[in-house]
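First comes the structure, then the notes that go with it.
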Amino acid sequence: MKDLLKIAFDAMDEKQASELTVIDFREQSPYIDYFIIGTARNARMARSIIDNVEEKVLEAGYSIKHIYAESTTKWFLIDLGSILCHVFYEGERELYNLEGLWKDLPTVEM
């Protein structure tokens, strides 16, 4: 699982997702191990981040359950099974405040 986490994190970082944060859900949920949360400046950057995660994950032999990337939203989600990658537009991340919602859970330094 750590391999997939690193692949997804690095793919987001490679496309300059800012303020990358990893929240550890392993003690909280039987279904989700990690959230990776990142910020994109605009739609083009968000699409680039999503495409890169998809490419790198598939290239490494893992599968993607679903990508939620509707053009009408500013919060995108890549479902890797036990890892969820969240990509927010600037401003939207603060609005939903996932880090605040899950502030009692540990974060992972990458």
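For THR107, neighbours were defined as the other residues whose beta-carbon sits under 9 Å from its Cβ, and their charges (Lys and Arg +1, Asp and Glu -1) total -3.
What dipole magnitude, in Debye to the nearest 20, does the chain give about its Cα centre under +1 on Lys/Arg Cβ and -1 on Asp/Glu Cβ? Could you put the intermediate results ahead of the total?
On the way: 12 positive and 20 negative charges, 43 e Å.
The calculated dipole for the chain is roughly 200 debye.
Across the options ALA11, ASN52, PHE35, the greatest Cα extent toward the positive end of the charge dipole of the chain (unit charges at beta carbon of Lys, Arg, Asp, Glu) belongs to ASN52. When Cα extents along the principal axes in Å is calculated directly from the model, which label among (1) 47, 36, 23; (2) 35, 34, 22; (3) 58, 27, 21 fits? It is the one labelled (2).
Read the figures in this text as sums done on the coordinates, not as results from a lab. Computed from a predicted structure; not experimentally measured. For neighbour counting, all protein chains shown are included, and Cβ atoms are generated from backbone atoms with ideal geometry for every residue, glycine included.
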